[in-house]
Amino acid sequence: MKKQKMFFRMITAALIRQHSRMLVALLAIAVGATILSGLVTIYYDVPRQMGAQFRNYGANMLLLPSGEGEFNEATVNNALGVVNKENLVGAAPYRYESVFINEQPVIAAATNMDGAKAASPYWLVNGNWPAAENEVLVGKSLAAVLGVKEGSSINVVYGEESRAAKTEADAEKTAEKKDIKEKDIKENKAEKSNETDVSEEKEGMPFTVSGILETGGSEEDYIFISLSDMAVLTGKGGRLDAAELSISASQDELKAYADKISAQNSAVSPRLVKRVTQSETTVLTKLQALVFLVTAVVLLLTMICVATTMMAVVAERRKEIGLRKALGASDSSIIAEFMGEGLLLGGVGGLLGVIFGFAFAQAVSMNVFNSSINFRPLILPVTVIVSVLVTGLACLLPVRNATDVDPALVLKGE
Amino acid sequence: MSLLEIKNISKIYGELKALDDVSLKVEKGEWVAIMGPSGSGKSTMMNIIGCMDKPSLGQVLLDGVDISKESNKNLTNIRRDKIGLIFQQFHLVNYLTAVENVMVSQYYHSMPDEKEAMEALARVGLAERAKHLPSQLSGGEQQRVCIARALINYPEIVLADEPTGNLDEANENIVIDIFRQLHREGTTLIVVTHDPEVAEVAQRTLVLEHGRLAKEIVNENFKD
């Protein structure tokens, strides 16, 4: 029999047949490794999970016309090709026009309803989203002014020059109070209005109010219709004023996407919605720091627990250590045997930790984020190696003490 | 040349002299008993002969080599290569089986050999108990495992400290019979005991009193 085989036979026998004390150490390591593996899994999955949660707060990137070339659905679709499909939560193209309802100037936003729903999940619609032609979503504030409700019929008029001028003035006044997104849209709209400075007057187009929109924001002053209805209403299609994108990605990734879109599409000027991306980054950074801190503290506690247990094990086995020395064991043999036991314990505890850690991370993910988590194979070697290292460190002092045992003293007959 | 020659050794702890100017010789193949009451210096003598302690004064020549000035590391190597230890309390590793306990001694000495360890157990009549843990063995059986472990590396000297101290009469006789057999095979035996019945079966008995060699009794009726 080779010496190594006997070595493993001895250390496995020590762990298996002396299970009560070793079980405590194993439990400590397994708990530490579970927390490590679970929190690291969460640590790496939190950006994805939190990103998905943050996507409930609306778009985090705007695509605006740069002024160079046409900005239409094809341009937006081309820009979207840059974004990883798995990361794209929603994309809503927008075209804004000034229209009149009951002779009142109103901003009509045409969009892809499915895209708007995905990009702005926080929008609350009382009634239904427009699904058929000639259906309109009316902002809550505007609905109160117009005196309309779900199921009401309204006539939307587009194209009166004098009224259009009035609309521009009103809209610009409103724009001063809005953020950069709306400002950009307004500027764009002003340019487009000049371009389409036509005096032809059209008859109104009847719409049915499918639902009333509550957002708590400026959208409550708009009406929302489909892009195809807008094309019919205005007699022109294709042109867009903006596109809102909701992308599940970190701020750096978003910046990378924006740079790529700019580079590939000169007609598109991508902008990050900083209030969303920055707060997302801040929260994630703090959360990850917290996870890191908790993991470090748990590993430290594990180390203390293992060190204490190993101290007790060494104290309990002083006679055995003395005997081994009496039989001719060198200090290095004693160190190797106790370290071997500790490291084997660390490895087994680490493996258990990987299994329980994944279950722990899965439970946290399901309860907190309501979505499952993917197993990362890299967690397995990382957890086992860290467990072995922590156990090894914890064993250093107790094992050092083991070599101090004097066989003559501990083996005394009486 | 004597296998073991002790020249005027003393072991002093502060003001206490555990051994006081003791000299003795043990020839190869001899069976010697060291006797004395508690506190007479038996255990100190055993530790010095067993290379687990060093004398404060004097010389200990083992196989011609002065071990009294050796480093602890060298003493460990000498102990591993030349001494087989038998303890009153057996001192078996409680989580290893009987055969594994014997193999531990091989492990530190040279190379573990399960077949050879089994043969050593068979020699002390424990072949069928080889896979048992110490807790599953009687005191006598544990002592026989301890003897097998001491013999496995063919030591120059087998040093037994109160080998029958924890055994009943039947097991005491078994152990003494094993010693007789070992002696017949040429093994040098030094048995430290306070039991006159164990001492009187040896060829020679050295009596320690208050750390000094009080007398030496040669067993005229010695029989193998």
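The values are calculated or read from the model by the stated rules, or taken from the named source; none is laboratory data. Owing to the predicted nature of the structure, the values given are computational and were not obtained by experimental measurement. Note that each Cβ is placed from the backbone with ideal geometry, even for glycine, and that neighbours are counted across all protein chains shown.
In the set A:A336, A:A326, which member is closer than 30 Å to B:I86 by Cβ, in contact with a strand residue (DSSP E or B) (Cβ under 8 Å, 6 or more places away or on another chain), assigned by TED's automatic domain parsing to the domain that holds A:M10 and among the aliphatic types (A, V, I, L, M)? Spell out the reasoning first.
Working: A:A336 fails: in contact with a strand residue (DSSP E or B) (Cβ under 8 Å, 6 or more places away or on another chain).
Result: A:A326 is the single residue among A:A336, A:A326 that is closer than 30 Å to B:I86 by Cβ, in contact with a strand residue (DSSP E or B) (Cβ under 8 Å, 6 or more places away or on another chain), assigned by TED's automatic domain parsing to the domain that holds A:M10 and among the aliphatic types (A, V, I, L, M).
Residue-by-condition table, conditions (1) among the small types (G, A, S); (2) modelled with pLDDT under 90:
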position	(1), (2)
B:I157	no, no
B:A170	yes, yes
B:N173	no, yes
B:R180	no, no
B:D195	no, yes
B:L208	no, no
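Considering only the stretch B:35-62, state which residues are within 13 Å of chain A (Cβ to nearest Cβ) and aliphatic (A, V, I, L, M).
B:M45, B:M46, B:I48, B:I49, B:M52 - these are the residues of the stretch B:35-62 that are within 13 Å of chain A (Cβ to nearest Cβ) and aliphatic (A, V, I, L, M).
I'm told A:L15 meets every condition in (1) away from chain B (no Cβ under 14 Å); (2) surrounded by 15 or more Cβ atoms within 10 Å (Cβ to Cβ) except one. Can you identify the failing condition by its number?
For A:L15, the failing item is (1).
For the stretch A:374-391, indicate whether the set of residues that are over 30 Å from the mean Cα position of the chain (by Cα), more than 28 Å from A:S37 (Cβ to Cβ) and either away from every other protein chain (no Cβ under 14 Å) or aliphatic (A, V, I, L, M) (or both) is non-empty.
Taking the stretch A:374-391 as the starting set, the residues that turn out to be over 30 Å from the mean Cα position of the chain (by Cα) are A:388-391.
With the extra rule that they be more than 28 Å from A:S37 (Cβ to Cβ), the set shrinks to none.
Within the stretch A:374-391 (the criterion being over 30 Å from the mean Cα position of the chain (by Cα), more than 28 Å from A:S37 (Cβ to Cβ) and either away from every other protein chain (no Cβ under 14 Å) or aliphatic (A, V, I, L, M) (or both)), the answer is no, since none of the residues qualifies.
Would you be able to tell me the number of residues in the stretch B:64-91 that are in contact with an Asp or Glu (Cβ under 6 Å, 6 or more places away or on another chain) and more than 7 Å from chain A (Cβ to nearest Cβ)?
1
For the structure I just gave you, tell me whether B:G84 is buried (at least 24 other Cβ atoms within 10 Å of the Cβ) and of a type outside the set (A, V, I, L, M). Lay out the reasoning, then the answer.
On the way: buried (at least 24 other Cβ atoms within 10 Å of the Cβ): yes; of a type outside the set (A, V, I, L, M): yes.
Here the answer is yes, as B:G84 does meet what is asked.
Of A:M50, A:M22, which residue is under 14 Å from A:L345 (Cβ atoms) and either surrounded by 16 or more Cβ atoms within 10 Å (Cβ to Cβ) or of a type in the set (A, V, I, L, M, F, W, C) (or both)?
Numbers: A:M50 fails: under 14 Å from A:L345 (Cβ atoms).
Just a single option satisfies the conditions, and that option is A:M22.
Step by step: first the residues of the stretch A:49-92, then only those that are touching a helix residue (DSSP H, G or I) at 6+ places or on another chain (Cβ under 6 Å) and of a type in the set (S, T, N, Q), then the one that is modelled with the lowest pLDDT. Which residue is that?
By that ranking, first place goes to A:Q49.
State yes or no: is B:Q143 modelled with pLDDT of 90 or more, touching a helix residue (DSSP H, G or I) at 6+ places or on another chain (Cβ under 7 Å), surrounded by fewer than 23 Cβ atoms within 10 Å (Cβ to Cβ) and assigned to a helix (DSSP H, G or I)? Outline the logic, then answer.
Working: modelled with pLDDT of 90 or more: yes; touching a helix residue (DSSP H, G or I) at 6+ places or on another chain (Cβ under 7 Å): yes; surrounded by fewer than 23 Cβ atoms within 10 Å (Cβ to Cβ): no; assigned to a helix (DSSP H, G or I): yes.
No: the conditions fail for B:Q143.
So, in the stretch B:148-178, exactly how many residues are within 14 Å of chain A (Cβ to nearest Cβ) and in a helix (DSSP H, G or I)?
So the answer is 4.
Hey, can you tell me all the residues within the stretch A:394-412 that are within 26 Å of B:D161 (Cβ to Cβ), surrounded by 15 or more Cβ atoms within 10 Å (Cβ to Cβ) and either away from chain B (no Cβ under 14 Å) or not β-branched (V, I, T) (or both)? Break it down into steps so the answer makes sense when it comes.
Restricting attention to the stretch A:394-412, the residues satisfying the condition of being within 26 Å of B:D161 (Cβ to Cβ) are A:401-412.
Then drop every residue that is not surrounded by 15 or more Cβ atoms within 10 Å (Cβ to Cβ), which leaves A:401-403, A:405-408, A:410-412.
Of everything in the stretch A:394-412, those that are within 26 Å of B:D161 (Cβ to Cβ), surrounded by 15 or more Cβ atoms within 10 Å (Cβ to Cβ) and either away from chain B (no Cβ under 14 Å) or not β-branched (V, I, T) (or both) turn out to be A:N401, A:A402, A:D406, A:P407, A:A408, A:L411, A:K412.
On the given criteria, is B:V102 more than 10 Å from chain A (Cβ to nearest Cβ), buried (at least 18 other Cβ atoms within 10 Å of the Cβ) and outside any strand (DSSP E or B)? Show your work before the answer.
On the way: more than 10 Å from chain A (Cβ to nearest Cβ): yes; buried (at least 18 other Cβ atoms within 10 Å of the Cβ): yes; outside any strand (DSSP E or B): yes.
The answer is yes for B:V102.
Can you list the strands (runs of 3 or more DSSP E) found entirely within the stretch A:215-315 that contain at least 1 residues being aromatic (F, W, Y) and over 30 Å from A:G357 (Cβ atoms)?
Details: elements: A:222-226, A:242-247, A:268-272.
The strands (runs of 3 or more DSSP E) meeting that bar are A:222-226.
When the stretch A:324-368 is examined, which residues are found to be in a helix (DSSP H, G or I), free of Cβ contacts under 8 Å to residues at least 12 places away in the same chain and within 14 Å of another protein chain (Cβ to nearest Cβ)?
A:S332, A:S333, listed by residue number.
Please enumerate the residues belonging to the stretch B:109-131 that are within 12 Å of chain A (Cβ to nearest Cβ) and either of a type in the set (S, T, N, Q) or buried (at least 24 other Cβ atoms within 10 Å of the Cβ) (or both).
Residues satisfying the conditions are B:S110, B:P112, B:A117.
Only one of these is surrounded by fewer than 17 Cβ atoms within 10 Å (Cβ to Cβ) and not in a helix (DSSP H, G or I): A:P377, A:P381. Name it.
On the way: A:P381 fails: not in a helix (DSSP H, G or I).
On inspection, the qualifying residue turns out to be A:P377.
I'd like the full set of residues that are acidic (D, E) and free of Cβ contacts under 8 Å to residues at least 24 places away in the same chain, limited to the stretch B:166-196. Before you say what the answer is, go through the steps one by one.
We begin by selecting, within the stretch B:166-196, every residue acidic (D, E); these are B:168-169, B:172, B:177, B:185, B:195.
Once the filter is applied, which keeps residues that are acidic (D, E) and free of Cβ contacts under 8 Å to residues at least 24 places away in the same chain, the stretch B:166-196 yields B:E169, B:D177, B:E185.
Quick one: is B:I9 closer than 22 Å to B:K215 by Cβ, without any contact (Cβ under 8 Å) to a residue 60 or more places away in the chain, among the hydrophobic types (A, V, I, L, M, F, W, C) and out of contact with any Cys (no Cβ under 6 Å at 6 or more places or on another chain)? It would help to see each step written out before you state the result.
Values: closer than 22 Å to B:K215 by Cβ: yes; without any contact (Cβ under 8 Å) to a residue 60 or more places away in the chain: yes; among the hydrophobic types (A, V, I, L, M, F, W, C): yes; out of contact with any Cys (no Cβ under 6 Å at 6 or more places or on another chain): yes.
So B:I9 passes the test.
For B:K7, are the conditions met, namely being out of contact with any helix residue (DSSP H, G or I) (no Cβ under 7 Å at 6 or more places or on another chain) and over 17 Å from A:A329 (Cβ atoms)?
Values: out of contact with any helix residue (DSSP H, G or I) (no Cβ under 7 Å at 6 or more places or on another chain): yes; over 17 Å from A:A329 (Cβ atoms): yes.
In short, yes.
Please indicate, with yes or no, whether at least one residue in the stretch A:299-320 is within 30 Å of B:I78 (Cβ to Cβ), within 14 Å of chain B (Cβ to nearest Cβ), touching a Ser or Thr at 6+ places or on another chain (Cβ under 9 Å) and at pLDDT 90 or above.
The initial filter retains those residues of the stretch A:299-320 that are within 30 Å of B:I78 (Cβ to Cβ), namely A:313-320.
When the remaining residues are screened for being within 14 Å of chain B (Cβ to nearest Cβ), the result is A:313, A:316-320.
Keeping just the survivors that are touching a Ser or Thr at 6+ places or on another chain (Cβ under 9 Å) gives none.
Checked the stretch A:299-320: no residue is within 30 Å of B:I78 (Cβ to Cβ), within 14 Å of chain B (Cβ to nearest Cβ), touching a Ser or Thr at 6+ places or on another chain (Cβ under 9 Å) and at pLDDT 90 or above.
Pull up the stretch B:182-214, narrow it to residues that are assigned to a helix (DSSP H, G or I) and within 15 Å of the chain's Cα centre (by Cα), then point me to the one that is nearest to B:E15 (Cα to Cα). Even if it seems obvious, please write down each step before you answer.
The first filter runs over the stretch B:182-214 and keeps only residues assigned to a helix (DSSP H, G or I), leaving B:182-184, B:196-199.
Among the residues that remain, those that are also within 15 Å of the chain's Cα centre (by Cα) are: B:182-183, B:198-199.
Details: B:L182: 40, B:H183: 39, B:V198: 32, B:A199: 31 Å.
For the stretch B:182-214, the residue satisfying everything is B:A199.
Looking only at the stretch A:102-124, how many residues end up being over 24 Å from the mean Cα position of the chain (by Cα) and either modelled with pLDDT under 90 or within 12 Å of A:L137 (Cβ to Cβ) (or both)?
Let us first name the residues in the stretch A:102-124 that are over 24 Å from the mean Cα position of the chain (by Cα), namely A:102-113.
Then drop every residue that is not either modelled with pLDDT under 90 or within 12 Å of A:L137 (Cβ to Cβ) (or both), which leaves A:102-104, A:108-111, A:113.
So the count comes out to 8.
How many residues are surrounded by fewer than 21 Cβ atoms within 10 Å (Cβ to Cβ) and within 15 Å of B:A160 (Cα to Cα) when one looks only at the stretch B:30-42?
Residues that pass the stated criteria total 1.
Taking B:V192 and the conditions (1) over 30 Å from B:N8 (Cα atoms); (2) in contact with a Pro (Cβ under 9 Å, 6 or more places away or on another chain), which numbered condition does it fall short on, given that it satisfies the others?
Just one mismatch for B:V192, condition (1).
If we keep just the residues of the stretch A:56-98 that are of a type in the set (A, V, I, L, M), buried (at least 20 other Cβ atoms within 10 Å of the Cβ) and under 27 Å from A:M205 (Cβ atoms), which is nearest to the chain's Cα centre (by Cα)?
For the stretch A:56-98, the residue satisfying everything is A:A91.
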